[in-house]
Amino acid sequence: MHTQNLNKRWFYLAVGVVTMLFAGVLYAWSILKSPLGGEFGWGASELALNFTLAMSFFCMGGLLGARLSKALGHKVALACAGILSALGFGLTASLSGSSVWMLYLTYGVLAGAGIGIAYNVLIATVSQWFPDKKGLCSGCLMMGFGASALVLGNVANTLFQSDLGWRNTYILLGGLICAVLILGGLLLKKPDDWHEPQGGEDKPSIMAVIKTRPITNYIGIWLMFYINITCGLALLSQEKAIVKCLGLASVVGIISTLSAVFNAGGRLAFSAWADKLKDRNTIYKLIFVISIVLTALVIVTGGIANGAGNGLLIALVLALIMMVNAGYGGGFSNVPTLLSDHYGMGSISALHGITLSAWAFAGLSGNQLATWIVSNFGEEVEIAGNVVNPTGYQMVLYVTIVLYIVALLLSMFFVRPNKEKAD
C-alpha cells in the first residue's frame, strides 16, 4: 500500500470509530429502556425480549449489509442503515403503549436490522485499509461500538431527566444515528487497488469458502465464539448482584463503569496483540485459560459467598469480572480477523454476518441460563441490607467453567493453525 494511502487509512479508521460509536447505541438498551417500563407498565421480561429481538435482527441485518454493500456499494448500504435506525427510534418515540409488539417491531426489528447493516459494512469497508494491522483496526472499531453504551447511554439518561423527555430523546438519537451513518458512508472509501467482485463474476458461495478448510474449523470458530459470549453474558448479567454479595453495593456504579472500560479495552488490546502472533487463535486460548484459572479460584475459595469483608477474595472476584468483560470484548473483536486469516477478505462480510448468528443464540441462552440457575439453586440472604443469592451465583461458575474448558478444547483441536494465511 502506497505511503499516501497509509496516511489516508488512519483518517478512515477515525471515521469508522466515530460512526461505530453512534451505531453501538443499540448496546445501551439497559438505559434506553428505563422510561418505557414506567410509562407503559411493561415488565422486565417483556423489555428483555425486545433486546433479544434487536440482537437477532442485528445479525440478520449483518447478512443484509453484506448483500447491500456488494450490490449497491457501502455508501448506499450505510444510508439504508441510517434510515432504518432513524425509523426504529422515531417510531418507538411515537408508541402509545397499546401493545408491546409495536416496540418489538420498531426498536427490535427496524433499529436492530439497521444497526446490523451498519456494523457489518463498517467492519468490511475499513478493514480493507489494514491488511497488515487487521486486529488493530477491528479492535478500534469494536471499542467504539462497545463504548457507546457508556458514552451515549449516559448522555441519553441525562436527556431523559431534562425538559427534552424520553420521546424527544429517542427522536434526537435516531436523527443523529442516521446523519452520522450517512456522513460516514460519504467520507469512507475503499482502497484504489481493492477489487469488488461484480455480479457476473464467478464467485464461490459461502459454503464453498468454508469448505476450503476442514468443516470442523469453521464449526470450532462458531462454537467458541458462541461459548465465550454465553459465558460472558451469564456472569455479567449477575454482575451487580455479585458485587452486592461482596458488600460493595455503595460502589456498584463505579465497578460497572470499570467493567465497561475493560470490555471496550479488551476489544482493542486483544485484537492489537493478535496482530503480533503467528496464529490469531492463540488469543482465544489465552482468554479461555485465564478465565478458567480465575473461575476455578473463585469456586475453590467460595469467593462470592465468602467475599464480604475479605479483601483478597474481593480482589479475586473483581479480577474475574474484569477478565470476563475483557475476554467478552476481545473474543468479539477478533472474530472478523480470525475469519479473514482462515478464509480471506473476499467473503469476509457475508461470512462474518453468518457467524454473528452465534451472538444472537448466545443472547438467547446466556442471560436465561444464569437466571434459571440462580432461581433454582441456593437461597436468598441479606448482606449489608441487600437481598442476594451467593450460592446461586457460585453455581453459575460451575457451568461457565465447564463451557470455558469446552471452548479451550475447540480452539486447540478444531481451529487448527492456518500455515498460509488467506489473502
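The values are calculated or read from the model by the stated rules, or taken from the named source; none is laboratory data. As the structure is a prediction and not an experimental result, all values here were calculated from the model. Cβ coordinates were reconstructed from backbone atoms using ideal geometry, including for glycine residues, and neighbour counts include every protein chain displayed.
Scanning the stretch 275-295 for residues that are of a type in the set (A, V, I, L, M) and free of Cβ contacts under 8 Å to residues at least 60 places away in the same chain gives LEU277, ILE283, LEU286, ILE287, ILE290, VAL293, LEU294. When the stretch 216-256 is filtered for residues that are closer than 13 Å to ASN325 by Cα and in contact with a Leu (Cβ under 7 Å, 6 or more places away or on another chain), the ones remaining, listed by number, are THR230, CYS231, ALA234, ILE255. Scan ASP275, ASP193 and give me the residue that is farther than 19 Å from THR400 by Cβ, surrounded by fewer than 15 Cβ atoms within 10 Å (Cβ to Cβ) and either among the acidic types (Asp, Glu) or not assigned by TED's automatic domain parsing to the domain that holds MET323 (or both). Only one candidate qualifies: ASP193. Exactly one residue among LEU103, LEU84 is modelled with pLDDT under 95 and out of contact with any Lys or Arg (no Cβ under 8 Å at 6 or more places or on another chain), and that residue is LEU103.
Considering THR216, THR295, the condition of being under 30 Å from PHE130 (Cβ atoms) and of a type outside the set (Phe, Trp, Tyr) is satisfied by THR216 alone.
Would you check if there is a residue in the stretch 284-295 being part of a helix (DSSP H, G or I), in contact with a helix residue (DSSP H, G or I) (Cβ under 8 Å, 6 or more places away or on another chain) and more than 16 Å from TYR404 (Cβ to Cβ)? Within the stretch 284-295, not a single residue is part of a helix (DSSP H, G or I), in contact with a helix residue (DSSP H, G or I) (Cβ under 8 Å, 6 or more places away or on another chain) and more than 16 Å from TYR404 (Cβ to Cβ). Within the stretch 121-129, is there a residue that is of a type outside the set (S, T, N, Q), surrounded by 23 or more Cβ atoms within 10 Å (Cβ to Cβ), modelled with pLDDT under 95 and outside any helix (DSSP H, G or I)? Scanning the stretch 121-129, I find at least one residue that is of a type outside the set (S, T, N, Q), surrounded by 23 or more Cβ atoms within 10 Å (Cβ to Cβ), modelled with pLDDT under 95 and outside any helix (DSSP H, G or I), so the answer is yes. Taking (1) within 25 Å of SER69 (Cα to Cα); (2) free of Cβ contacts under 8 Å to residues at least 40 places away in the same chain in turn, ILE348 satisfies each apart from (2). When LEU172, LEU150 are checked against the criterion of being under 25 Å from ALA269 (Cβ atoms) and assigned to a helix (DSSP H, G or I), a single residue qualifies: LEU150. When the stretch 49-61 is filtered for residues that are crowded, with 18+ Cβ neighbours inside 10 Å and over 16 Å from the mean Cα position of the chain (by Cα), only ASN50 remains. Across the stretch 86-115, the number of residues qualifying as crowded, with 24+ Cβ neighbours inside 10 Å and touching a Cys at 6+ places or on another chain (Cβ under 6 Å) comes to 0.
Yes/no matrix, rows are residues, columns are (1) buried (at least 17 other Cβ atoms within 10 Å of the Cβ); (2) in contact with a Cys (Cβ under 7 Å, 6 or more places away or on another chain); (3) hydroxyl-bearing (Ser, Thr, Tyr); (4) not assigned by TED's automatic domain parsing to the domain that holds LEU258:
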residue	(1), (2), (3), (4)
LEU152	yes, no, no, yes
GLN161	no, no, no, yes
LEU164	no, no, no, yes
THR169	yes, no, yes, yes
LEU172	yes, no, no, yes
LEU176	yes, no, no, yes
LEU181	yes, no, no, yes
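Scanning the stretch 28-46 for residues that are in contact (Cβ under 8 Å) with a residue 24 or more places away in the chain and more than 18 Å from CYS178 (Cβ to Cβ) yields a total of 11. For the stretch 68-75, the criterion of being of a type in the set (A, V, I, L, M, F, W, C), farther than 28 Å from ASN367 by Cβ and surrounded by fewer than 16 Cβ atoms within 10 Å (Cβ to Cβ) is satisfied by at least one residue. Of the residues making up the stretch 107-129, not a single one is more than 23 Å from GLY353 (Cβ to Cβ) and outside the structural domain of TYR343 (by TED's automatic domain parsing).
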